[in-house]
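Taking it in order: structure first as structure tokens, then the write-up.
Taken together, the values in this text are just the output of simple stated rules run on the coordinates, not laboratory data. Keep in mind that what you see is a predicted model, and the values were worked out from it rather than measured. Every residue, glycine among them, receives a Cβ derived from its backbone with ideal geometry; neighbour counts consider all protein chains shown.
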Amino acid sequence: MATTQNLTKKRLSAIPARRRQIFLRALARLGCVTRAAAEAGLSRVVLYTSRSADRDFAEQWTEAIETFADSLESEAFRRGVQGVDQPVYQGGQLVGHVRRYSDSLLLAMLRARIPAYRASAPSAQAAAPALVERDPALLAKKIAFALAVAQKRQSSG
């Protein structure tokens, strides 16, 4: 005999094939369950319940996320390696384009692919300076010192 909980789970996991395909295509394109669910007109609860009850749907979901990850990697490559043309304006007029590259994306790709570019956790933590000064008096002294050094450099150079 089926329990009420099993019947509810079965009812929630029944998604029409058309809506399921809309969701999976949107998930592959957007990478966000909430936005893909809205596009398919489905609730997240129904989707997650269906994923846990249906192995095929779970695999399709995973493939959609992998497709989205591939598109992210492709875009990172385009921006980091190939560069992006950005317009240059002078006097309000378009005078040309300049190719810009994203060093941070390129470095992220290097770190993902080549272990030598990854910072080891202990040394990265040791090298990171404290960014927050909690003592207001000490902070004020540091600011005053920095201003004095800057003023001295400006007057001597």
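Can you sort 105, 72 by how many other beta carbons sit within 10 Å, fewest first?
Going from sparsest to densest Cβ surroundings: 72, 105.
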Inset, instruction - Per residue of segment 24-37, in order, report the coupling 6.51 cos²θ - 1.76 cosθ + 1.60 (Karplus, θ = phi - 60°) as ³J(HN,Hα) in whole Hz, putting x for Gly and Pro. - result: 5, 5, 5, 5, 5, 8, 9, x, 10, 4, 4, 5, 5, 4
Legend entry - Sorted by Cβ density within 10 Å, fewest first, the residues 22, 114: 114, 22
Legend entry - Residues 67, 49 arranged by fewest to most Cβ contacts within 10 Å: 67, 49
